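Beneath this line is the structure, given in structure tokens, with notes to follow.
What follows is calculated from the coordinates using simple rules that are stated; it is not laboratory data. Fair warning: this is a prediction, and the values are worked out from it, not measured in the lab. For neighbour counting, all protein chains shown are included, and Cβ atoms are generated from backbone atoms with ideal geometry for every residue, glycine included.
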Amino acid sequence: MSSNARSATNPVKDEVKASGKFVRQPYTIRDRFSADGSTAFPAERDRYHLYVSLACPWAHRSIIVRKLLGLEDVISMSVVDPVRDEKGWAFRDGPGHSEDPVNGFAYLSEAYLRTDPNYTGRYTVPCIWDRKTGRLVTNNFPDITIDFETQFTEFSNPDVDLYPEQLRDEIDAVNEVIYEDVNNGVYRAGFASTQDAYEEAVGAVFARFGWLEDRLSRQRYLVGDQLTESDIRLFPTLVRFDVAYHYHFKCNLWRLVDYPNLWGYARDLYQRPGFGETVNFDHIKRHYFMTHPHINPTRIVPKGPILDWLEPHGRERLG
Ligand SMILES: N[C@@H](CCC(=O)N[C@@H](CS)C(=O)NCC(=O)O)C(=O)O
């Protein structure tokens, strides 16, 4: 099956290997922004548009960074319908989502095919459209936040540095293990098609949760004594964990709320500007439970769990 004729019920089918392991597709549109005009996409005001889903953890990272850096008036953004069908992400008016304000596209696929008529990957969020050249610049989520942090500094809040030079090596190392075991780990568990592949992935998720629980018992943030890109990488997975991954992706050895430090850390972030205000549990739940019918064929969205994200976190004592 070619990627352009993806299964209506399971768009990642091509990425589930004979071993039953989910191996995520490589990123295919990977141009970079530049502060100094050294690439074809210089950092400019009112030129670029970020397409996101509020359900998607990969997109959530770019939404948080855009907000924390104060780039909302520089890079415009719009939100797709959280429920995806066989045509992929759609632009539609509804609670928290809208039609495409830039191109009037009905489906995100149109942005990809306008960029490259031979595009065969999945039509994913987040991705960034360039009004000037009429194409997508990138759908590679790690580059998006790093470029916002390092190439748009002329336009961003000078008091916020999420990728400080002296912490970059440690941030990159932490991000790598978090990506493998946690961010993508929950997907490797949820999309596994054999018992062995599932168990390996779930083991990695909870082994890394143990490591994080220990690390966060001693420090308020993942790296250094400030908020960084690493915290922004972890938070979107944590905020989705008990409402989606625990049940829908069968990551159910424990819940986030069973880890005092990790749960306190997640609430600490949630209660800050840029974090809780960018979380939409309605989009998250409807997306996961209604978009993967090979996992949840009834598409029934669970009512719970009931969680108190605003409960005091007590993390101030750590610095
Ligand atoms: N760009 C990355 C991560 C982004 C990603 O997977 N986003 C999901 C939503 S959480 C998506 O847009 N999926 C569309 C699809 O599978 O057709 C990838 O291609 O794996």
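Summary of computed values
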read-out: Relative contact order (percent, whole number), region 3-151, Cα cutoff 8 Å, 6+ residue spacing; value: 28
read-out: Residue 107 long-range amide H proximity, modeled H, under 5 Å; value: 91
read-out: Antiparallel bridges, percent of DSSP beta bridges restricted to the chain (to nearest 5); value: 65
read-out: Percentage relative contact order, region 194-319, counting C-alpha pairs under 8 Å, at least six apart; value: 27
read-out: Virtual spin-label span in nm between residue 114 and residue 296, 7 Å along Cα→Cβ; value: 3.2
read-out: Neighbourhood charge, 14 Å Cβ-Cβ cut-off, centred on residue 193 and excluding it, Lys, Arg +1 and Asp, Glu -1; value: 0
read-out: The chain: most fluctuating residue of 222, 253, 162 per GNM, C-alpha cutoff 10 Å; value: 253
read-out: GNM result for the chain, Cα springs below 10 Å: residue of 66, 215, 233 fluctuating most strongly; value: 215
read-out: Förster-model FRET efficiency, 25 Å R0, residue 103 and residue 30, C-beta, rounded to 0.05; value: 0.75
read-out: Relative contact order computed over the chain (Cα-Cα under 8 Å; 6+ residues apart), in percent; value: 20
read-out: Alpha-carbon centroid distance for the pair region 39-114 / region 147-198, whole angstrom; value: 20
read-out: Per-residue ³J(HN,Hα) for region 246-253, Karplus 6.51 cos²θ - 1.76 cosθ + 1.60, θ = phi - 60°, Hz, x for Gly and Pro; value: 4, 9, 5, 9, 6, 8, 10, 5
read-out: Net +/- balance of residues flanking residue 174 in space, Cβ distance below 13 Å, scoring K and R +1, D and E -1; value: -4
read-out: Residues with amide H under 5 Å from that of residue 77, placed H, sequence gap 5 or more; value: 50
read-out: Reciprocal of mean inverse Cα separation for region 3-151 (Kirkwood radius, Å); value: 15.9
read-out: Whole-Hz couplings from phi, Karplus 6.51/-1.76/1.60, listed for region 180-191; x for Gly and Pro; value: 4, 8, 10, 4, 8, x, 5, 5, 4, 5, x, 9
read-out: Proximal aspartates and glutamates relative to residue 87, as straight alpha-carbon distance under 15 Å, when same-chain residues fewer than 8 apart are discounted; value: 110
read-out: Table column - 3J(HN,Hα) (Hz), region 70-82, Karplus curve with 6.51, -1.76, 1.60, x for Gly and Pro; value: x, 9, 5, 8, 9, 10, 6, 8, 9, 10, 8, 4, x
